[in-house]
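I have placed the structure first, in the form of structure tokens, so that the comments after it can refer back to it.
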Amino acid sequence: MKCFVTGASGFIGSNLVRELLARKHRVKALVRPGSDRHGLADAEVELVTGDVSDVKLLRREMDGCEWCFHCAASYHLWLPNYKPMYATNVDGTFNVIDAAGHAGCQRIIHTSTVGCIGLPKEVNGEIVPSMETDVIAETDLTNDYKRSKWQAELIAVKFARKGLPVIIVNPSAPIGPGDLKPTPTGQIIVNFLNRKLPAYLETGLNWVHVRDVAIGHILAAEKGHLGQRYILGNKRGNWTMEQTLAVLQEVSGVRAPKMKIPHWAALATAHVSEGTSFFTRKPPKAPLAGVRMAREKMWFNPQKAIRELGLPQTPPKQAFAEAVEWFCKNGYVK
């Protein structure tokens with residue numbers, strides 16, 4: 001297949017490109033001007049320089065493509081101005097899917113996030129991981145990233161209802177090699193390795209190998225049901241932060257912090273940190289969005305993707321070990 005990939009230089013996008021090439025697909029990769037392209041080094045792809053705001057470019061370059069993977073997104077927990085985030089995540093999604101429809105793409109895979117799925121509920125004292133059918137409450141869209149991605153997913157759903165071959169994938173917290181920026185989840189690992197985590201805020205995340213997420217995109221194009229969404233996560237990846245740090249200690253040899261920060265203290269610190277950022281215009285060390293999300297255990301059940309797509313289930317411990325090795329080899333650890 002000839003595939004068009006937006007966000008191709010990003011963490012998920014670059015891994016997706018390599019998995020597509022490994023399966024002998026042809027790839028046309030959209031990258032923004034000035035973006036770090038190390039993730040695509042030596043990859044035999046056709047590079048297209050531009051962004052998701054350029055409707056004419058999207059329609060021209062997508063012509064003749066059979067699959068479209070829309071991975072491009074603005075992923076920030078704090079920005080001095082959120083308008084560019086909405087322009088990329090919301091308007092950009094409309095532009096990409098609309099162009100893919102005009103190009104006659106047979107499959108359009110929209111990369112959403114588990115942040116658009118309803119939060120886990122507690123039943124008889126136990127947390128039940130969320131599934132694709134759990135609808136998120138508007139009050140749980142606690143930051144601009146989640147709100148913008150939710151609006152983007154609504155656009156994808158509308159296109160699907162109009163008959164376009166759209167399938168939505170919702171990755172949980174991907175980790176592994178190639179996290180160039182790094183992403184907010186990758187930054188946790190980098191901070192840990194650099195001993196910049198003297199304490200931790202208890203929360204819960206579903207960890208998944210980024211390679212499994214990339215393969216999940218391809219499987220969605222091959223086997224996914226049109227108009228459906230699929231959680232790309234790991235059934236054994238629902239860990240508390242305490243469990244996560246214990247695994248990081250095991251695979252890296254760096255001692256995990258023992259002190260747990262109360263949520264009220266973290267919230268107070270975040271307010272001060274963001275107040276300072278208002279004047280400095282520099283990202284806060286403790287963004288409010290991250291602290292607010294940490295109140296809930298973001299645990300998810302990927303059984304639908306495992307059952308219908310055959311989503312791989314690389315052990316999360318292996319994903320952490322590979323991420324640690326990559327960060328160490330590439331100069332992220334001082």
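Things to note:
- Condition check for residue 251: closer than 30 Å to residue 20 by Cβ, touching a Gly at 6+ places or on another chain (Cβ under 6 Å), surrounded by 14 or more Cβ atoms within 10 Å (Cβ to Cβ) and touching a residue at least 24 places away in the same chain (Cβ under 8 Å): no
- The test for being in contact with a strand residue (DSSP E or B) (Cβ under 7 Å, 6 or more places away or on another chain), surrounded by 15 or more Cβ atoms within 10 Å (Cβ to Cβ) and closer than 27 Å to residue 76 by Cβ does not hold for residue 284.
- The listed residue being surrounded by fewer than 19 Cβ atoms within 10 Å (Cβ to Cβ), out of contact with any Gly (no Cβ under 9 Å at 6 or more places or on another chain) and β-branched (Val, Ile, Thr), out of 93, 139: 139
- Being at pLDDT 95 or above, of a type in the set (S, T, N, Q) and touching a helix residue (DSSP H, G or I) at 6+ places or on another chain (Cβ under 8 Å) is a description that does not apply to residue 194.
- Filtering the stretch 297-313 to residues that are touching a helix residue (DSSP H, G or I) at 6+ places or on another chain (Cβ under 8 Å), closer than 27 Å to residue 222 by Cα and crowded, with 19+ Cβ neighbours inside 10 Å leaves 300, 305, 309, 311.
- Residue match in the stretch 250-262 (condition: under 24 Å from residue 117 (Cα atoms) and of a type outside the set (Lys, Arg)): no
- Filter pass, residue 213 being modelled with pLDDT of 95 or more, buried (at least 20 other Cβ atoms within 10 Å of the Cβ), outside any helix (DSSP H, G or I) and of a type outside the set (Lys, Arg): no
- Number of the condition not met by residue 33 [criteria: (1) buried (at least 17 other Cβ atoms within 10 Å of the Cβ); (2) in a loop (DSSP other than H, G, I, E, B)]: (1)
- Put simply, of 203, 185 the only residue that is modelled with pLDDT under 95, under 28 Å from residue 7 (Cβ atoms) and either under 15 Å from the mean Cα position of the chain (by Cα) or of a type in the set (A, V, I, L, M) (or both) is 185.
This table checks each residue for (1) in a helix (DSSP H, G or I); (2) modelled with pLDDT under 95.
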residue: 72; (1), (2): no, no
residue: 80; (1), (2): no, yes
residue: 91; (1), (2): yes, no
residue: 101; (1), (2): yes, no
residue: 127; (1), (2): no, yes
residue: 151; (1), (2): yes, no
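- From the options 265, 270, 220, residue that is farther than 21 Å from residue 186 by Cα and either more than 21 Å from the chain's Cα centre (by Cα) or loosely packed, with under 15 Cβ neighbours inside 10 Å (or both): 265
- Candidates are the residues of the stretch 314-334 that are under 23 Å from residue 38 (Cα atoms) and of a type in the set (Lys, Arg); the one that is surrounded by the most Cβ atoms within 10 Å (Cβ to Cβ) is 329.
- Matching option when the condition is assigned to a helix (DSSP H, G or I) and out of contact with any Cys (no Cβ under 6 Å at 6 or more places or on another chain), among 197, 164, 245: 245
Condition check ((1) at pLDDT below 95; (2) among the aromatic types (Phe, Trp, Tyr); (3) in contact with a Ser or Thr (Cβ under 6 Å, 6 or more places away or on another chain); (4) crowded, with 17+ Cβ neighbours inside 10 Å) across all residues:
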| position | (1), (2), (3), (4) |
| --- | --- |
| 13 | no, no, no, yes |
| 20 | no, no, no, yes |
| 38 | yes, no, no, no |
| 43 | yes, no, no, no |
| 64 | no, no, no, no |
| 69 | no, yes, no, yes |
| 75 | yes, yes, no, yes |
| 88 | no, no, yes, yes |
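The values are calculated or read from the model by the stated rules, or taken from the named source; none is laboratory data. Since the structure is predicted, the reported quantities are computational estimates derived from the model, not experimental observations. Here Cβ is always computed from backbone atoms with ideal geometry, including for glycine, and neighbour counts include all displayed protein chains.
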